[in-house]
1. Take the residues in region 126-138 that are assigned to a loop (DSSP other than H, G, I, E, B) and touching a Ser or Thr at 6+ places or on another chain (Cβ under 8 Å); name whichever of them is surrounded by the fewest Cβ atoms within 10 Å (Cβ to Cβ).
2. Which count do you get for residues in region 32-88 that are β-branched (Val, Ile, Thr) and part of a loop (DSSP other than H, G, I, E, B)?
3. Is it the case that residue 91 is at pLDDT below 95 and acidic (Asp, Glu)?
4. Could you check region 247-333 for strands (runs of 3 or more DSSP E) lying wholly inside it with 3 or more residues that are of a type outside the set (A, V, I, L, M) and over 21 Å from residue 95 (Cα atoms)?
5. When region 48-70 is examined, which residues are found to be buried (at least 17 other Cβ atoms within 10 Å of the Cβ), out of contact with any Phe, Trp or Tyr (no Cβ under 8 Å at 6 or more places or on another chain) and on the phi < 0 side of the Ramachandran plot?
6. Can you run down the residue pairs with Cβ atoms below 6 Å, 6 or more apart or on separate chains, where the first is in region 73-97 and of a type in the set (Lys, Arg) and the partner is surrounded by fewer than 23 Cβ atoms within 10 Å (Cβ to Cβ) and assigned to a loop (DSSP other than H, G, I, E, B)?
7. In this structure, is residue 151 under 19 Å from residue 173 (Cα atoms), crowded, with 16+ Cβ neighbours inside 10 Å and either in contact (Cβ under 8 Å) with a residue 12 or more places away in the chain or basic (Lys, Arg) (or both)?
8. I'd like to check something: does region 189-197 contain any residue that is in contact (Cβ under 8 Å) with a residue 12 or more places away in the chain, under 26 Å from residue 235 (Cα atoms), of a type in the set (Gly, Ala, Ser) and in contact with a Ser or Thr (Cβ under 8 Å, 6 or more places away or on another chain)?
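The values are calculated or read from the model by the stated rules, or taken from the named source; none is laboratory data. Model, not experiment: these values are computed from the prediction. Backbone-built Cβ (ideal geometry, glycine too); neighbour counts: all protein chains shown.
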Amino acid sequence: MNRILISLLCCAQFAVFAVEKPIAKSDADGAPKLAIILNSGSASVSRIDMQKREVIDDFPIGKEPHHLMMMPDGKTLIVANAAADNLVLLDATTGNKLGTIPKIIDPYQIGFSPNNKWFVVAGNRLDRVDIYPVNNGNIIPKPDIYKIPQTPSHIAFTNDSQITFVTLQDSNEIVAIDLQAKKELWKMRVGKMPAGLWMTPGDKYLLLGVTGEDFVQVIDWKTQKIIKTIKTGKGAHNFRPLGDGRHVFVTNRVAATITKIDMETLENVATIKGLPAGPDCMDITPNQKELWVTFRFSKKVGIINLTTNELEKTIKVGNSPHGVFFTPNAAWQ
C-alpha cells in the first residue's frame with residue numbers, strides 16, 4: 001500500500017484494541033461528557049467524566065504522549081507519542097482506542113493545515129520538521145524532512161495554508177516554511193525559549209508565548225518584526241482561544257497563572273491566579289463557561305469557571321499531564 005488509510009481501521013497496518021468500558025456520548029444538550037488527558041510522564045491516557053468530575057479510568061498509550069488533535073473526519077482523535085514514533089487513534093467521543101499509525105518520527109507537536117492538505121510534525125527531540133501530504137483525510141507516509149535546529153516545538157499556519165510557522169525553543173527563533181514550494185522562507189530571532197504560537201484574526205499578527213520570559217511577543221510575520229510585548233507572567237507558554245473571535249488565553253507555566261489577551265487591542269485584559277504549578281494545555285466547553293487546563297508539574301487537571309475566573313476543582317491524574325481534549329468544544333478562533 002502506498003498510503004495510510006485512516007478510514008480503514010481494520011487494515012493490517014493498524015493495531016486494533018479491545019475496549020472494556022463503554023463511555024457515554026454527549027447528550028442532546030450538546031455538552032461534552034468525556035475529557036481525554038495525556039499523561040506524558042506516565043505514558044497513559046486518563047478519561048474523565050465531566051459531569052461527575054472524576055477519573056473513569058487510565059490506560060497505556062505509548063511513550064511520551066504530548067499533544068493531540070482531531071482528524072479531518074471530525075470523529076477520530078490523534079495522540080502523538082513522541083518517544084514511541086507513532087500516532088495512536090482514539091474515538092474522539094468515547095476515548096476508545098481504534099488503531100496505531102507507525103513510523104511517524106518524533107511527533108512532539110502536530111498540526112493539519114487549514115485546508116487539510118498537509119500534516120506537519122515538529123520533532124522536538126531530533127531537531128526536524130516533517131511535512132506529510134494528506135489526500136482525502138489520509139496521511140501519505142512520504143514526508144519532506146527539514147533538519148531545523150534547535151528543538152522545534154509549536155506550530156501555526158496562515159489561513160490560506162501557504163505557510164507554516166514553527167518555534168525553535170533552544171535557538172530562540174521562529175522558522176517559516178512555504179508548504180507549496182517546499183522551502184524554508186525565513187528565520188527570525190525572538191525571546192528566550194519560544195513555545196506556543198497563535199495567529200490573530202485576518203492573519204494580521206503571530207502571538208508568541210516566550211517561556212523563558214514573562215511576556216507574549218506580537219510579531220508582524222510579513223516583515224519579520226516584533227511590534228509589541230504583552231506582559232503576562234513567567235513562563236508564557238501555550239494558547240487556547242475563547243471561541244468568540246476576539247480573546248485568547250495563554251498559560252504561564254512558571255507563574256502558575258493564565259492570561260486573557262484581547263486580540264484586537266493586543267492587551268492583557270485578565271489574569272487567573274491561584275493555580276497549581278505548571279499550567280499548560282487548555283480546552284474550553286462549547287458554552288465558553290469552563291476552561292479545563294492541565295498542570296504539568298502537579299499531576300492534576302483543573303476546571304476554571306470563566307464567569308468568575310476562579311479555579312473550581314482539580315482532579316488528580318497521571319504524571320506530567322499535557323494534552324487535554326473533549327468534544328464538542330468552543331470554536332478554535
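1. 137
2. Result for region 32-88: 1.
3. No: the conditions fail for residue 91.
4. So the answer is 247-252, 257-262, 267-272, 310-316.
5. Residues satisfying the conditions are 48, 55, 61, 65.
6. Partner pairs satisfying both residue conditions: 97/17.
7. yes
8. Yes, region 189-197 contains at least one residue that is in contact (Cβ under 8 Å) with a residue 12 or more places away in the chain, under 26 Å from residue 235 (Cα atoms), of a type in the set (Gly, Ala, Ser) and in contact with a Ser or Thr (Cβ under 8 Å, 6 or more places away or on another chain).
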